[in-house]
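Note sheet for the following structure.
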Amino acid sequence: LLVATFAFNMVVSDIVLVSSDVTGPEPCARICYGESGGKWKKNGNYLSIDSSLSACQFARKALVQTTLVNTGDYSQYSGYVGIEQPTFFRYEMYAPGVSAAKANADGYQINWSAAGYTC
């Protein structure tokens, strides 16, 4: 039992987040990856999709980076991460000629990574 406890206490995080916006204790740093697609919504000239971060178990807002994939000509779209919470974020992109139905049917997807703290 003593050996197991000692070995457990030796585990140290090798993730260091350097950000003035996202701070926390280093042993709790986590990087989480995922993808989201198939649930696009249209609002005016914008398409948006909400993505869950629940499985990442962040204690507070994380840094989120996204990449739009499966759309053919990426250069015609500009997107950004909008609403951010510990459990989800919203990606929005300017796409005046694209309906939500087309984005969903054509498999528009975002790949994302999030870095934050679990405690």
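The values are calculated or read from the model by the stated rules, or taken from the named source; none is laboratory data. Everything numeric in this text was worked out from a predicted model, so none of it was measured. A quick note on method: Cβ atoms are made from the backbone with ideal geometry, for glycine too, and the neighbour counts reach across all protein chains shown. Accessible surface is based on the protein model in full, side chains and every heavy atom, while ligands, DNA and RNA are left aside. Shrake-Rupley method; radii C 1.70, N 1.55, O 1.52, S 1.80 Å.
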(request) Could you please tell me which pairs satisfy a Cβ distance under 7 Å, a separation of 6+ or placement on different chains, a first residue in the stretch 95-113 that is on the phi > 0 side of the Ramachandran plot, and a second residue that is open to solvent by 20 Å² or more (accessible area, probe 1.4 Å)? (result) G107/G37; G107/N70
(request) Report yes if G107 is out of contact with any helix residue (DSSP H, G or I) (no Cβ under 8 Å at 6 or more places or on another chain), of a type outside the set (D, E), open to solvent by 50 Å² or more (accessible area, probe 1.4 Å) and not in a strand (DSSP E or B), otherwise no. (result) no
(request) Take the stretch 1-52 and flag every residue that is open to solvent by 90 Å² or more (accessible area, probe 1.4 Å), among the polar types (S, T, N, Q) and modelled with pLDDT of 90 or more. (result) N43
